[in-house]
Amino acid sequence: MAKENLKLLWQSGFLHGGDYNPDQWRWRPGTLDEDIEMMKAAHVNVVSMGMFSWSAIEPQEGVYDFSWLDEAIDKLYDNGILVFLSTPSGARPAWLAKKYPEVLRTDKFQVKQVFGERHNHCFTSPIYRAKVKEINQKLAERYKDHPGVVLWHISNEYEGECHCNLCQEAFREWLKNKYKDLDALNRAWWTGFWGHTFTEWDEIHSPTPIGDWSLDGLNLDWRRFVTDQTVDFYRMEVEAVREITPDRPVTTNFHDFPNPSEGLNYWKFAPYLDIVSWDNYPYWHNETNSDAVEGARRDFIHDINRSLLGKPFLLLESCPGATNWQEVSRLPKPGVIALQSMQAVAHGADSVQYFQIRKSLGASEKFHGALIDHYPSKDVRVFKEIQGLGEDLSKLDELIGANVDAKVAIIYDWENRWAIDNIQGLNENRKEYFKMCINHYFPLWSKGIGVDAIDMEQDLDKYDVLIAPLLYMVSEDLAERIKEFVARGGTFITGPFTGVVDEDQLAYMNGRPGPLREIAGIWAEETDSLYDSQFNKIVKAGEGKSYKAKWFCDLLHLEGAEALYEYGEDFYAGSPAVTVNSYGEGKVYYFATVMEQDFYDDFYKEFINENMESLAIELPDGVGASVRENSEYKFIFIANHNNGEVEFNLDEDAYDVLAEQELDKGAAAEMPAYSYKVYRVKK
Ligand code: GLA
Ligand code: ZN
C-alpha cells in the first residue's frame, strides 16, 4: 500500500524543491509568504521539513507546539507545494540530553560527548529509542490525514557510531548471534595472533586506538554491527510512524560519499525503503579532477543509489551555489547547478531537491548555497538558473518512472572497501577503492552505457559484463556465481589484489586469486607496492604500446590465460600484467596493476566496439551520456561538462524534449559550456 502511494509524490509534476526550515524564521513574520512566492516563481513543488525541528515542536518535555508547522504545511499545500515530513531524530533538544545523559554518544576514546551538533546520540539507548518513537508518533497523529504530506523522510543522513556500554553489550549479542560460540569467533578473527584469544564474551570490546585495533576481523565485524544497529534504529522509527500512517511511503536520505569507508552499508537499508534518496555534493572545478571526471564520479554514485532498489530514486539534497563545508567554496560556474541536477535525472532521479530553500542568517551553514539568498532577490544568477531548470523539469513528466536498463555491473562493495582500507599492506596511502571503480566507469559513461553498481550479494543474471575493480575479499559463494556467470557467456573484468581473502578476511591457501584462480587462468604469486613517485609500465606484447602503472603490481604466472600486456620495468619486466582467459562461453580479464586513465579509455573503447551496443552518437571528450527508458520511449541525456561549446550530430530521428522540437537524423546539436540535452526516441 505504501509503495502504491508513491505516485502521490508526483501529483504536482516532476519534483523540484528542497529542505525548508521555517522554524528558524519564526521571529520574522511574513517570511513564509515571501518564500512561497519565491518558490512558485522557481517552479518549486516540494519541500522537506522538520529534520531538525524537535526543539521547536517539543520545547519542553511533553509540551508541544505545532502551530508554526501547521501553518507552513497548510499554506504550502494551498500553493501546490507538497511536504516530505521528517522525523527529527537527527538532533535531540538540549533539555532531552540534559535530563537523559544516556542518549549521548561515547566516542572511540571512551569520552562521553556533551550536548551539541547533530547525530550525537546512541542508537542503542532504550531511552533515546522511546523518546524518538514518541515524537514520531505525535507527528504522525498530527498529520496523518493531511493530503499535502506525501512521504516520511526518516531522520537525516544517519551516521556515526557509539562505544558506550549499551553498545558494547549490543555488539557482543550481535557476535553471539553470528558465531554462536567463541571458538568460531577466535578462529575467524585469528586471535591466536598476539595472544588475543577470548575466553568470555565480555572480554570483547569495540575496536579502539586505546585498545584493540589489530584484529581485522573485529574491525570489519564492528562496521557490520554499526550498520545493522543503525538499520535497526531506522526500522524502529519506521514502525513508529507505520502504526499510525500505514500507507505513507518512507525514505531516509543517504549521505554523500566524502568518506564512504567510514559510513554505513546502504544495501542493508534497501529492503526497508519504499524509495531511495540521497544527497549529492560535487566538488566542481577542483585541483585534481576535470569537471568531466567529477561528473562521472557523481553519476556513479547516482547509479549506486538507483541500483539499491533497481528503480528511480530521489535527489533529496544538492547545493544551489557554493558548498561551504568543502575545503574551498568554489562557485559552480554558470550552468553547473542545472547540469548537476539534470545529471541526477539522467541516471534515474525523479526529483531535484536542494539544501536549502532559504539561507540561514547565522550558524555554520550561513554561507551554504540556497535558492533564496540573504538578499532575497529573484534577479540573481542562482535564482534565475534554478528558475530555468524548473521550467525544463516541468517538461519531464512523462519521464517519471523510466528506468536505466543496465547490462554492465560494477561491484562497489562496502565491506570490501572497509576491509581494504583497514589492512596493513600495499601502499598505505593508495587504497583508492572508489577511484579504481571510476577508472573503469569513466569510458562507459562517455559512451552512454548503462551501469548498475552492486555489492557481493546481488544477482548477476541480468548482466553481460561484470567488473570488479578490486575484489580483495571474495566469498566462495560469489566466486561460484561468477564462475557460472562466465561459463554461460559473461565477461568478468577484475583488478589487482583480487581473490585474496574470504569474507572473514582469512587468506585463501590455494594461491591467488583464490577461488577465481581457475576461471582467471592465472596465479598471482606476490604483489609489489610502489611509492607515489615510482611507476612501472605495461607494454603490449609485440607492439611497443605502453601505459604507466602505479600503486601496486601483482606478479602473475599464466595458467591457461593469454598475456595482453607485460610489465616493462623492474625484476618482473616481461611477466604478464593484463591477461585474458576463456572459460566456458565467456572470458575473464585480469588487470594485475593500476594504470593511468588512458589505458582504461583505450581498453574499453575497443571492448565496447567489439562486444557491446552503445550510443551511436559520436560525442566529444568531456561529454557524458545516459539513457532512461519506459515501455514506449528511450530518453537520451547528453551532458557537456566542458567549459566551452561542443557539437555533435544526431544518429537517428529524435524529439528534443526541452526545445520541444522534432529533429532529423544527422541534425547538428550545439551545446554551450556546462549544458544538457534530453532527446526522446520512440522504441
Ligand atoms: C547535509 C545535511 C544538510 C546540510 C547539508 C549541507 O546533506 O543533510 O542538513 O547540513 O549537508 O551541505
Ligand atoms: Zn551507545
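The values are calculated or read from the model by the stated rules, or taken from the named source; none is laboratory data. None of the values given here were measured: they were computed from a predicted structure. Ideal geometry is used to build each Cβ from the backbone, glycine not excepted, and the neighbour counts take in all protein chains shown. SASA here: full protein model, heavy atoms, side chains in, ligands and nucleic acids out. Shrake-Rupley method; radii C 1.70, N 1.55, O 1.52, S 1.80 Å.
Of all residue pairs spaced 6 or more apart or on separate chains, those with beta-carbon atoms under 6 Å, a first member in segment 307-335 that is touching a residue at least 24 places away in the same chain (Cβ under 8 Å) and near ligand 1 (Cβ under 9 Å from one of its atoms) and a second member that is of a type in the set (A, V, I, L, M, F, W, C) and open to solvent by less than 50 Å² (accessible area, probe 1.4 Å) are GLU317/PHE355. Contact map, segment 98-124: first residue on the phi > 0 side of the Ramachandran plot, second residue more than 10 Å from ligand 2 (Cβ to nearest atom) and among the charged types (D, E, K, R), Cβ cut-off under 9 Å, separation 6 or more or different chains; pairs are HIS119/GLU157; HIS119/GLU159. Of the residues making up segment 629-683, those that are basic (Lys, Arg) and more than 22 Å from ARG306 (Cα to Cα) are LYS665, LYS682, LYS683. Applying a threshold of 6 Å to beta carbon distances and a minimum spacing of six or more residues, or different chains, the list of pairs starting in segment 442-453 at a residue that is at pLDDT 95 or above and ending at one that is open to solvent by less than 10 Å² (accessible area, probe 1.4 Å) and part of a loop (DSSP other than H, G, I, E, B) reads GLY450/ALA406; VAL451/ALA406; ASP452/ALA406; ALA453/TYR412. Can you confirm whether SER529 is of a type in the set (S, T, N, Q) and more than 23 Å from ASP216 (Cα to Cα)? So SER529 does not fit the description; no.
Search segment 460-477 for residues that are of a type in the set (Gly, Ala, Ser) and pair each with any residue that is open to solvent by 10 Å² or more (accessible area, probe 1.4 Å) when their beta-carbon atoms are under 6 Å apart and the residues are at least 6 apart or on different chains. Listed by first residue and then by second, the contacts come to SER475/GLU503. Just the residues that are more than 15 Å from ligand 2 (Cβ to nearest atom), open to solvent by less than 10 Å² (accessible area, probe 1.4 Å) and under 23 Å from VAL63 (Cα atoms), please, taken from segment 83-137. Selection gives LEU85, SER86, THR87, PRO88, GLY90, PRO93, LEU96, ILE135, ASN136. Screening GLY495 on (1) within 16 Å of LYS431 (Cα to Cα); (2) open to solvent by 40 Å² or more (accessible area, probe 1.4 Å) shows it passes everything except condition (2).
Give the residue, chosen from ASN649, ASN611, that is of a type outside the set (Lys, Arg), modelled with pLDDT under 95 and under 30 Å from VAL539 (Cα atoms).
Only one candidate passes the filter, namely ASN611.
Looking only at segment 300-341, residues that are assigned to a helix (DSSP H, G or I) and charged (D, E, K, R) come to 2 in all.
Pairs are defined by a Cβ separation below 6 Å, a sequence spacing of at least 6 or placement on different chains, a first member in segment 7-20 that is of a type in the set (D, E, K, R), and a second member that is more than 16 Å from ligand 2 (Cβ to nearest atom); the pairs so defined are ASP19/SER48; ASP19/PHE355; ASP19/GLN356.
Considering every residue within segment 172-188, establish whether at least one is more than 16 Å from ligand 2 (Cβ to nearest atom), over 27 Å from the mean Cα position of the chain (by Cα), free of Cβ contacts under 8 Å to residues at least 12 places away in the same chain and closer than 22 Å to ILE244 by Cβ. No - not one qualifying residue is present in segment 172-188. GLU569 falls short on exactly one of the conditions (1) without any contact (Cβ under 8 Å) to a residue 40 or more places away in the chain; (2) assigned to a helix (DSSP H, G or I), and that condition is (2).
Any chance you could count how many residues in segment 139-168 are within 16 Å of ligand 2 (Cβ to nearest atom) and in a loop (DSSP other than H, G, I, E, B)?
Qualifying residue count, segment 139-168: 7.
Kindly evaluate ASP256 against the criterion of being away from ligand 2 (no atom under 16 Å from the Cβ), on the phi < 0 side of the Ramachandran plot and buried (at least 22 other Cβ atoms within 10 Å of the Cβ). Considered against the rule, which asks whether it is away from ligand 2 (no atom under 16 Å from the Cβ), on the phi < 0 side of the Ramachandran plot and buried (at least 22 other Cβ atoms within 10 Å of the Cβ), ASP256 comes out as no.
When the residues of segment 13-36 are filtered to those that are within 16 Å of ligand 1 (Cβ to nearest atom) and part of a loop (DSSP other than H, G, I, E, B), the one that is surrounded by the fewest Cβ atoms within 10 Å (Cβ to Cβ) is ASN21.
Rundown of residues vs (1) at pLDDT 95 or above; (2) touching a Leu at 6+ places or on another chain (Cβ under 8 Å); (3) not hydrophobic (A, V, I, L, M, F, W, C), yes/no style:
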{"residue": "ASN165", "(1), (2), (3)": "yes, no, yes"}
{"residue": "ASP202", "(1), (2), (3)": "yes, no, yes"}
{"residue": "TRP213", "(1), (2), (3)": "no, no, no"}
{"residue": "VAL241", "(1), (2), (3)": "yes, yes, no"}
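Residue check: MET49 meets all listed conditions (1) aliphatic (A, V, I, L, M); (2) surrounded by 14 or more Cβ atoms within 10 Å (Cβ to Cβ); (3) within 16 Å of ligand 2 (Cβ to nearest atom) but one, namely (3). In segment 347-384, which residue that is assigned to a loop (DSSP other than H, G, I, E, B) and within 19 Å of LYS333 (Cβ to Cβ) is nearest to ligand 1 (Cβ to nearest atom)? Going through the qualifying residues, I end up with HIS368. Taken as a whole, the condition of being in a helix (DSSP H, G or I), surrounded by fewer than 15 Cβ atoms within 10 Å (Cβ to Cβ), of a type in the set (S, T, N, Q) and away from ligand 1 (no atom under 16 Å from the Cβ) applies to ASN177. A count restricted to segment 525-542 and to residues that are in a strand (DSSP E or B), more than 20 Å from ARG430 (Cα to Cα) and open to solvent by less than 70 Å² (accessible area, probe 1.4 Å) stands at 2. Against the conditions (1) within 25 Å of LEU470 (Cα to Cα); (2) out of contact with any helix residue (DSSP H, G or I) (no Cβ under 9 Å at 6 or more places or on another chain); (3) open to solvent by 50 Å² or more (accessible area, probe 1.4 Å), HIS374 satisfies every one except (1).
Scanning segment 557-566 for residues that are part of a loop (DSSP other than H, G, I, E, B) and either of a type in the set (A, V, I, L, M, F, W, C) or modelled with pLDDT under 95 (or both) gives a single hit, ALA561.
Scanning segment 579-621 for residues that are over 30 Å from GLU670 (Cβ atoms), touching a helix residue (DSSP H, G or I) at 6+ places or on another chain (Cβ under 8 Å) and either of a type in the set (A, V, I, L, M, F, W, C) or in a loop (DSSP other than H, G, I, E, B) (or both) returns GLY584, GLU585, VAL588, VAL594, MET595, PHE603.
Within segment 385-411, no residue satisfies the criterion of being assigned to a helix (DSSP H, G or I), polar (S, T, N, Q) and under 25 Å from the mean Cα position of the chain (by Cα).
From the list ASP279, ASP303, ASP350, ASP291, which one is in contact (Cβ under 8 Å) with a residue 60 or more places away in the chain, open to solvent by 10 Å² or more (accessible area, probe 1.4 Å) and away from ligand 2 (no atom under 16 Å from the Cβ)?
Within the list ASP279, ASP303, ASP350, ASP291, the selection yields ASP291.
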